[in-house]
Amino acid sequence: MKWIKLRYTKWYNIIKNSMKTSNPIFVAVLGICSALAISNTVPNALAMGFGVTFVTMFSSLFVAIFRNYIPAKLRIVTYMIIISTFTIFVQKFLQAYFPDIYKSLGAYVGLIITNCIVMGRSEAFAIKNPWKYSLIDGFFSGMGYTFVIVLVALIREPLAFGTLFGIEILPENFTRWASMGTASGAFFIVGLMIWILRTWAKSYEEE
């Protein structure tokens, strides 16, 4: 019973750290460039979030599986090969089934390869832990990223375009905030949300 309790405690801590204590955006401030660029609409944010989650999850899984066989000097190169493989899969999937979203995201889909979240979880967690914990860590790290950029998109899309999921929700006479459709507007929203969510998570840095 004690072993079972310890195992579930570890799972709980992994989920808590990924979603709250060490959230990639509002605590670690990773993946911020793509968060600013693609959170102009909710569909774009969801597509990027799920793409990053998929790549992070399976990259962490494969790094953990082969962690005892990866030479220390070739760690980063190995991570890049694994990450790029799953990134290409996401790229081709969106291109085939969601071409409009793929065009909207542009180069940022391919840039998942260089996303600090994916590389960071491989180096900080997957290379040191068994595959089952690495899979969970990768999934919830990606979902922590997704959670934040979707919240940002839920604010930006109505203000910038008067729509939500592409459906008109605000009257035609509502003045669209053009700045919310740009990276500068996103920077303001993300900064405000980091402040609010860090307050909620009580994760202030020690001065």
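Please treat every number below as a calculation from the coordinates, not as lab data. What you are looking at is a predicted structure, and each value in this text was computed from that prediction instead of being measured. Reconstructed Cβ throughout: ideal geometry from the backbone, glycine too, with neighbour counts over all protein chains shown.
Could you tell me which residue out of 199, 185, 42 lies farthest along the dipole of the range 31-201 toward its positive end? Charges go on the beta carbon: Lys and Arg +1, Asp and Glu -1, centred on the Cα centre.
199
Report the calculated FRET efficiency for residue 111 and residue 184 (r = Cβ-Cβ distance, R0 = 25 Å), to the nearest 0.05. Mind showing how you got there, number by number?
Details: r = 20 Å, r/R0 = 0.80.
Computed FRET efficiency for residue 111 and residue 184: 0.80.
Under 5 Å between amide hydrogens, which residues at least 5 positions from residue 163 or on another chain qualify, with H placed 1.01 Å from N in the peptide plane?
Those qualifying (amide H under 5 Å, at least 5 residues apart or on another chain) are 169.
If you place +1 on the Cβ of every Lys and Arg, -1 on the Cβ of every Asp and Glu, and leave all else neutral, what size is the dipole of the range 31-201 about its Cα centre, to the nearest 20 Debye? Before the final figure, lay out each step's value.
Details: 11 positive and 6 negative charges, 137 e Å.
Dipole magnitude for the range 31-201 comes out near 660 debye.
Sequence gap at least 6, Cα distance under 8 Å: using those rules, report the relative contact order of the range 31-201 to the nearest whole percent.
Dividing the mean separation by the residue count of the range 31-201 yields 36 percent.
Grab the Cα-Cα distance for residue 167 and residue 132, subtract it from 0.36 nm times how many residues apart they are, and report the gain in nm with one decimal.
8.6 nm
Give me the distance between the Cα centres of the range 63-95 and the range 140-179, rounded to whole Å.
Rounded to whole Å, the Cα centres lie 32 Å apart.
What FRET efficiency, computed as 1/(1 + (r/R0)^6) with R0 = 35 Å and r the Cβ-Cβ distance, is obtained for residue 98 and residue 177, rounded to the nearest 0.05?
Step by step, r from the Cβ atoms, then E = 0.85.
From a point 7 Å beyond the Cα of residue 123 in the direction of its Cβ, which residues of the range 77-99 have a backbone N at a distance under 16 Å?
Residues 77-84 fall inside that zone.
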